[in-house]
Each structure stands twice: as C-alpha cells, then as structure tokens.
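Written below as structure tokens is the structure these notes are about.
The values are calculated or read from the model by the stated rules, or taken from the named source; none is laboratory data. Bear in mind the structure is a predicted one, so any value in this text is a computation, not a measurement. Positions of Cβ are backbone-derived with ideal geometry, glycine not excepted, and every protein chain shown enters the neighbour counts. Quick note on the areas: whole protein, heavy atoms, side chains included, nothing else; ligands and nucleic acids left out. Shrake-Rupley method; radii C 1.70, N 1.55, O 1.52, S 1.80 Å.
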Amino acid sequence: RNEGMLVAAGNSLLIALVASLASTVLGTMAGVAMYRYRLRLLPVLVLTPIAIPEILMGVALLIFFVLLNFTLGLVSVALAHIAFCIGFVAIVVRSRLAGMDESLTEAARDCGATPLEAFRYVTLPLIMPGVIAGALMAFTLSIDDFVITFFTAGAGTVTLPLQIYSMIKIAVTPEVNAVSTLLMLLTLALIIIASRL
C-alpha cells in the first residue's frame with residue numbers, strides 16, 4: 001500500500017528488464033567477438049566496467065552524461081546499467097563458447113550454412129544456457145545496484161535501492177525490512193537459477 005515504494009519497485013523492474021535485455025544482446029555479441037577474434041582493445045572496453053570500482057564508474061558516467069547535456073532520469077540509469085552489465089554477460093558467454101566443440105560450427109559451414117545461419121542454428125542453441133545465465137546475472141545486478149544509480153538518477157527518479165536508502169536515513173521501518181527481504185529472496189533465486197544454467 002506504500003505508493004512511493006510501489007513506484008520505486010516499478011522503476012527498478014523496468015530498468016532491470018531493459019538493462020538485462022540490451023546488455024544480453026550486446027554482451028553476447030561482445031563475448032562471441034572476444035572468443036572468435038583476438039582483438040586487443042575489445043576485452044579492455046568490455047571488461048573495464050567490471051574491474052573499476054562502482055563509485056568511479058558512477059562518477060564517470062555522471063560526467064559523461066553532463067558533458068553530453070543528457071537529462072538524468074530513467075533513461076540515463078538504464079544506459080548506465082547496460083554499460084555496467086555488458087561485461088558480465090560477455091564473460092559468461094565467452095566461457096560457454098570456450099567449452100563448445102567448434103567442429104559443430106565448421107560442419108554446419110561445410111554443409112552450406114552461411115556464417116549467420118551457422119550461428120543461429122548451431123552456435124546460439126549451444127550457448128543459450130550461458131546467454132540466459134548472463135541475462136539473469138545482468139537483471140540481478142541491475143535491480144540491486146545503488147551506487148551507479150545514485151550518481152546517474154535525476155532528482156525525480158527513484159528506484160527501489162534509492163527509496164530504501166532514503167527511508168533508512170530516518171529509521172528502519174517494517175516496510176524496509178519486508179521489501180529488503182523480498183529483494184534479497186528475488187536476488188538469491190535469480191543467482192541460483194543462473195548458476196544452475
């Protein structure tokens with residue numbers, strides 16, 4: 001019945017869905033490119049958001065959006081989460097590709113499949129558990145993220161972690177405990193599903 005909490009939860013779910021979908025597509029492409037082609041710059045670009053501290057990433061994205069004169073809000077938070085999650089998806093997809101038998105793709109090519117058909121009908125089904133696991137990981141990271149969201153959200157934009165933070169500054173109410181428990185259970189469930197895949 002808490003309207004503010006429901007709006008914040010809706011915003012968090014929307015951002016997490018958009019971020020996980022976009023970062024899954026981009027991360028899968030990056031993971032395949034890192035596995036197939038030995039490019040020096042691509043791994044640096046993809047894996048840097050994972051390696052640097054979140055606070056540094058948040059400040060850098062804030063400066064980037066300010067330089068572009070981009071209005072901070074749900075879109076800026078979603079873009080920031082996409083940039084942050086791509087690396088995690090790429091790592092999972094790349095590790096799944098490393099365990100795949102390349103002769104299957106070569107056999108598809110020998111049978112007349114184009115590179116796109118070989119990817120669509122052979123490679124993608126074989127790496128799909130990794131893609132789904134990466135998507136679940138991206139969703140989990142996005143829905144729980146506080147630091148990057150704090151720096152890239154506008155004045156009127158509220159997500160669940162920001163709402164919880166603003167509420168515990170006053171006091172830890174039963175609402176905060178209940179919502180934190182639900183968020184923790186959702187996160188644990190998604191992590192368990194991702195690890196099973």
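A few notes on this one:
- Residue within region 184-196 that is open to solvent by 50 Å² or more (accessible area, probe 1.4 Å) and within 19 Å of A90 (Cβ to Cβ) present: yes
- Condition met for G130 (within 25 Å of the chain's Cα centre (by Cα), farther than 18 Å from A9 by Cβ and in contact (Cβ under 8 Å) with a residue 24 or more places away in the chain): yes
- Scanning region 1-24 for residues that are open to solvent by less than 50 Å² (accessible area, probe 1.4 Å) and assigned to a helix (DSSP H, G or I) yields a total of 14.
- Residues being open to solvent by less than 30 Å² (accessible area, probe 1.4 Å), at pLDDT 85 or above and assigned to a loop (DSSP other than H, G, I, E, B) - total across region 154-183: 2
- Here F65 passes the criteria (1) surrounded by fewer than 18 Cβ atoms within 10 Å (Cβ to Cβ); (2) out of contact with any Gly (no Cβ under 7 Å at 6 or more places or on another chain) except the one numbered (1).
- Scan of region 51-78 for residues that are without any contact (Cβ under 8 Å) to a residue 60 or more places away in the chain and either hydrophobic (A, V, I, L, M, F, W, C) or in contact with an Asp or Glu (Cβ under 9 Å, 6 or more places away or on another chain) (or both), ordered by number: A51, I52, L56, A60, I63, F64, V66, L67, L68, F70, V75
- Going through (1) part of a helix (DSSP H, G or I); (2) open to solvent by 40 Å² or more (accessible area, probe 1.4 Å) one by one, A118 falls short only on (2).
- Any chance L97 is open to solvent by 30 Å² or more (accessible area, probe 1.4 Å) and either in a helix (DSSP H, G or I) or in contact with a helix residue (DSSP H, G or I) (Cβ under 9 Å, 6 or more places away or on another chain) (or both): no
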